[in-house]
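The values are calculated or read from the model by the stated rules, or taken from the named source; none is laboratory data. Just so we're clear, the structure is a prediction, and the values are computed from it rather than from any experiment. Cβ coordinates were reconstructed from backbone atoms using ideal geometry, including for glycine residues, and neighbour counts include every protein chain displayed.
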Amino acid sequence: MTTITYPVIPGAGAFYYEGNDIGILLCHGFNGTPQSVRDVGTALMEKGFTVFAPRLKGHGTDPEEFRQSTRRCWYESMEAGIRLLRERCRHVIVVGQSMGGTLAMKAALAGQADAIVTINAALSVPGYACHATDDVCRFIDEDEPDICAPGVYEIVYDKVPTSAIRELLALIEEVRPMAAEVTVPTCVIHSAIDNVVPPEDSMWLYETVQAPKQREVLEQSYHVATMDHDRERLADVIGAFCEQVATAPKM
């Protein structure tokens with residue numbers, strides 16, 4: 001059987017910045033790529049942190065490879081990044097945008113993260129709900145990225161496989177009921193207006209997590225907040241939270 005290798009779209013690859021002993025893993029969302037978190041990653045690097053943004057399997061290449069990927073593949077991509085940071089850093093904080101936030105929760109539940117930051121975490125995606133049992137259409141057209149700032153270009157596929165949507169919904173179904181079991185320090189960040197994921201989901205997450213926690217609301221950004229008006233504030237909030245985690249006395 002011939003194995004097809006799909007090239008990575010220019011600009012969509014993983015990136016790594018060497019810094020101090022506080023490692024930050026930045027995880028992009030469903031149908032996104034590391035390009036969507038690069039501005040925040042660069043700002044965190046300038047603050048002195050070690051930063052790694054993995055490219056999740058099936059993302060940033062070809063929709064056909066996306067169709068073949070699974071939630072297990074996506075988590076394994078994150079796990080590999082966590083291992084890389086563990087080899088170099090004393091602390092590892094996982095920061096996730098959208099589905100990346102859901103994967104960050106999974107990492108916390110597995111004891112693989114010292115703390116997590118969720119940014120508009122995907123705990124439900126109403127626009128995808130109708131495809132939960134869709135076994136007729138292989139692909140659907142994807143909407144434009146939900147970004148308030150004008151002229152911002154995000155690398156995404158213009159069509160997404162319904163099989164990948166089902167994997168995303170299964171990931172949410174797996175992780176959401178366990179939110180109360182997250183016990184590591186958690187920073188819940190969400191946009192006031194989000195046309196993809198209901199902001200109420202992040203409010204619920206903040207109330208449910210049984211851990212030291214904080215919540216931040218972004219007033220000037222939509223769903224892809226890491227590329228939106230508040231991206232500089234995001235980097236400041238994440239940086240301060242990571243410093244707080246790293247300097248907190250051990251229990």
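Quick test of your reading of the structure: Thr42 fulfils all but one of (1) closer than 13 Å to Cys242 by Cβ; (2) surrounded by fewer than 20 Cβ atoms within 10 Å (Cβ to Cβ). Name the failing condition by number. All conditions are met except number (1). In the set Val175, Val184, Val152, Val136, only one residue is of a type in the set (A, V, I, L, M), assigned to a loop (DSSP other than H, G, I, E, B), in contact (Cβ under 8 Å) with a residue 12 or more places away in the chain and over 17 Å from Gly32 (Cβ atoms); that residue is Val184. Using the structure shown, decide if Leu168 is in a loop (DSSP other than H, G, I, E, B), in contact (Cβ under 8 Å) with a residue 24 or more places away in the chain, closer than 30 Å to Thr183 by Cβ and not basic (Lys, Arg). In short, no.
Note on region 66-111: residues that are among the basic types (Lys, Arg), out of contact with any Leu (no Cβ under 9 Å at 6 or more places or on another chain) and in contact (Cβ under 8 Å) with a residue 60 or more places away in the chain amount to 4. Within region 115-133, if we keep just the residues that are assigned to a loop (DSSP other than H, G, I, E, B) and of a type in the set (A, V, I, L, M), the residue that is farthest from the chain's Cα centre (by Cα) turns out to be Ala132.
Each residue in region 84-97 was checked for being more than 14 Å from Cys242 (Cα to Cα) and either within 17 Å of the chain's Cα centre (by Cα) or not charged (D, E, K, R) (or both), and 3 of them qualify. Among the residues of region 86-105, those identified as buried (at least 24 other Cβ atoms within 10 Å of the Cβ) and in a helix (DSSP H, G or I) are Met99, Gly100, Gly101, Thr102, Leu103, Ala104, Met105. In region 49-85, what count of residues is obtained for those that are in a helix (DSSP H, G or I), of a type in the set (S, T, N, Q) and closer than 26 Å to His190 by Cα? Of the residues in that region, 1 qualify.
Residues checked against (1) surrounded by fewer than 15 Cβ atoms within 10 Å (Cβ to Cβ); (2) over 24 Å from Gly13 (Cα atoms); (3) at pLDDT 95 or above:
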position: Arg176; (1), (2), (3): no, yes, yes
position: Ala179; (1), (2), (3): no, yes, yes
position: Pro199; (1), (2), (3): no, yes, yes
position: Met203; (1), (2), (3): yes, yes, yes
position: Arg231; (1), (2), (3): no, no, yes
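Residues in region 122-157 that are surrounded by 12 or more Cβ atoms within 10 Å (Cβ to Cβ) and touching a strand residue (DSSP E or B) at 6+ places or on another chain (Cβ under 7 Å): His131, Arg138, Phe139, Ile140, Glu142.
Among the numbered conditions (1) touching a Pro at 6+ places or on another chain (Cβ under 7 Å); (2) part of a loop (DSSP other than H, G, I, E, B), the only one that Pro145 does not meet is (1). From the list Glu243, Glu219, Glu232, Glu207, pick out the single residue that is out of contact with any Cys (no Cβ under 7 Å at 6 or more places or on another chain), farther than 19 Å from Val94 by Cα and in contact (Cβ under 8 Å) with a residue 24 or more places away in the chain. Answer to the check: Glu219. Only residues that are part of a loop (DSSP other than H, G, I, E, B), acidic (Asp, Glu) and over 23 Å from Leu169 (Cβ atoms) were counted in region 187-241, giving 3.
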